[in-house]
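As structure tokens, the structure follows; a few thoughts come after it.
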Number of protein chains: 2
Amino acid sequence: VNADLLLGVDIGGTKVATMIARPSGQILNHLSTPTDLSSDAATVEGILLTIQAVMDAAQVSPHGLAAIGIGAPGRVHLESGDWFGSTNVLLTSPPVPLVALVEERFGRPTFMENDVKAGTLGEHRFGAGKGLQHIVYLSLGTGIAAGIIVDGKLYRGVGQAGEIGHAPVERNGPLCNCGTHGCLEMMASGASIARRGCAALRAGQDTLIARLAEGNPEAVTGKLVIEAAAQGDCVALDIMEETASYLAMGVLMIFAAYDPQLLVLAGGLAQAGNILLNPLWKALAEQATGRAWAWEDRVALTALGDKAGALGAVALALQNILPEEPA
Amino acid sequence: VNADLLLGVDIGGTKVATMIARPSGQILNHLSTPTDLSSDAATVEGILLTIQAVMDAAQVSPHGLAAIGIGAPGRVHLESGDWFGSTNVLLTSPPVPLVALVEERFGRPTFMENDVKAGTLGEHRFGAGKGLQHIVYLSLGTGIAAGIIVDGKLYRGVGQAGEIGHAPVERNGPLCNCGTHGCLEMMASGASIARRGCAALRAGQDTLIARLAEGNPEAVTGKLVIEAAAQGDCVALDIMEETASYLAMGVLMIFAAYDPQLLVLAGGLAQAGNILLNPLWKALAEQATGRAWAWEDRVALTALGDKAGALGAVALALQNILPEEPA
């Protein structure tokens, strides 16, 4: 039993991922279970059970943990430890006092942060942004949001800084739930890829997407379009190209706004790898010429893969118990 | 003679504005002279003469000055005090060691900053952003650039943070010198207004702009289009509406990226007042619905008018000799 261990929890719309790790970021055990969305109480109980399960797997008692970190989607209240949920994990009676509930169950100091901000901390401490002072972490999934590290610390503005998924890139674009027309999230998210794939099917285009979706436009997901593109399907490749051309606008916006040393692309869409990066480099070359540096040196995929969220929660816990970064 | 006085210099493409002020921001004397662009040496000598002239007018010797601040367009090197010029004040042999030349002539501690960043400091210390911790200052002129105050201090990123004039807002827009297609500066600057006015004349539209420009498309300036709009000319009003619709995208981008307490609009275009603000409020209402707050509470015109630049240079000097802000 080692009181230096950290437990990280990443709450997602489909799964709750937990891990036990050392302060170095070395992962000892990790475990994920489906998110129970049947009720607020069930969601919380599912999170508590998953925490217990990863401790059981590691044969660690709560006394062996220095702290617990949680990355939660949507709005969190840092002082009270209240969680308000998000469009993916919709709470029926927000807020849920999640930090208090976890501390009550396990008796260890617990810290919660918005999941994208936690992912940013993880990438900064353990991943592609290690040792850098200014990074932007762009989570590309069903939605799009960014975390910003300025001078080594999270930048929040009044509270919503980094919501660049809702910055407009197409003046007359489709209306987002956020109230903005043609925001980056409407034009460049995983959901936008699915929407374009669905439209291609409805338009009767001859594409592998149709076969993968068994002819059902409703069954088209971003992942499925990416799979079709990976197999060389022209319609899917065109969709990735259009998506990347808007993502390039977002990348340019991020560099104009924050001038980070590095922009890290993460989230489900980042797992598309070169299927996303190749058209992105092409769009950046077309839309922005004459840079003194290569985009490949300033934009990188996450180094933490699908562990970025839970490692971010570990980094969050570490930061709260050890405010000083290791040299 | 009072060693608490500050001298501020704002170098512009058309004029050099100087002032002598108290630490409170109270202006004692101000003076501006045309910028001499005939050679690098003439530009510098013109700046030195203008500094001397405002001291003469105030009957102050260099010994009466605590410090001199300079806001210079384009890139400046903070450590060396070198100035590299800009597209508006093009130096033939950059850099010019302006800080060293001013210190040599007047023997007082001198500090230089990019003019937009100096303006941001001025607005934060003396103007609309007084007492706030997070503001964005958007300079709308021939070009567009922003200064950002985070936690009460200028935010620079790697060095170019705030160059949001070169963030794209129109994917297939015209190509800017910066290398980007349809950047905010191409779509919403004073120069873009002039370009649209010029195009209206060439298209033979019946507009007051033609009469104000005496039929010469080359004579159309942003200021002239704004004047025509103020007189109710429909073509000019349409131009302001189109410009404001892109400016609204920039405003939305700034709030998404930085979430400031207040966005301050400054620069020549801000002097259009309601001719700019009315279509801006309209475009914001159309492009972004459902905000919990009113745009009028988060976006304001500069409180310092055409003195913003020189007062910013005063604020820069103050900040360097009195690092602590007055409570």
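A few notes on this one:
- Here the Debye sum runs over all C-alpha atoms of the protein assembly as shown as equal scatterers in vacuum, and log10 of I(q)/I(0) at q = 0.07 Å⁻¹ comes out as -0.51.
- Ordered by the count of other Cβ atoms within 10 Å of each Cβ, fewest first, A:Trp83, A:Trp295 give A:Trp295, A:Trp83.
- Summed over qualifying helices (DSSP H, 4 residues or more, each -39500 (n - 2.57)) and divided by its residue number, chain A shows a 222 nm mean residue ellipticity of -12000 deg cm²/dmol.
- Where GluC sites (Glu not before Pro) in DSSP loops with at most 13 other Cβ within 10 Å are excluded, longest remaining stretch of chain B: B:80-213
- Modelled FRET efficiency - R0 25 Å, B:Ser39 with B:Glu218, Cβ distances, 0.05 increments: 0.40
- With the Kirkwood sum run over all distinct C-alpha pairs, the stretch A:60-185 has a hydrodynamic radius of 16.1 Å.
- Span-like helix ranges in chain B, DSSP H, alpha carbon extent 30 angstrom or more, Kyte mean at least 0.0: B:234-258
- Temperature 37 °C, viscosity 0.692 mPa s: under these conditions the Stokes-Einstein estimate for the stretch A:1-102, based on its Kirkwood radius over C-alpha pairs, is 238 µm² per second.
- Entries of A:Lys282/A:Lys307; A:Lys307/B:Lys153; B:Lys15/B:Lys307; B:Lys130/B:Lys153; B:Lys15/B:Lys130 with Cα pairs more than 24 Å apart: A:Lys282/A:Lys307; A:Lys307/B:Lys153; B:Lys15/B:Lys130
- Note on A:Val169, A:Val99: ascending count of other Cβ atoms within 10 Å places them as A:Val99, A:Val169, the fewest first.
- All alpha carbon pair distances within chain A were sorted into 20 Å bins beginning at 0; the resulting P(r) in whole percents reads 32, 56, 12, 0.
- Among A:Arg195, A:Arg105, A:Arg156, the residue with the largest mean-square fluctuation in a Gaussian network model of chain A, with springs joining Cα atoms closer than 10 Å, is A:Arg105.
- Cα extents of the stretch B:179-274 along the three principal axes, largest first (Å): 44, 30, 19
- In terms of other Cβ atoms within 10 Å, B:Arg22, A:Arg202, B:Arg171 run from fewest to most in the order A:Arg202, B:Arg22, B:Arg171.
- Largest GNM mean-square fluctuation among B:Gly197, B:Gly152, B:Gly215, using chain B with Cα springs under 10 Å: B:Gly215.
- Estimated FRET transfer efficiency when R0 is 25 angstrom, pair A:Ile321-A:Gln133 (beta carbons, to 0.05): 0.65
Every read-out reported here was derived from the displayed coordinates using simple, explicitly stated rules and does not represent laboratory data. Source: prediction; values computed, not measured. Reconstructed Cβ throughout: ideal geometry from the backbone, glycine too, with neighbour counts over all protein chains shown.
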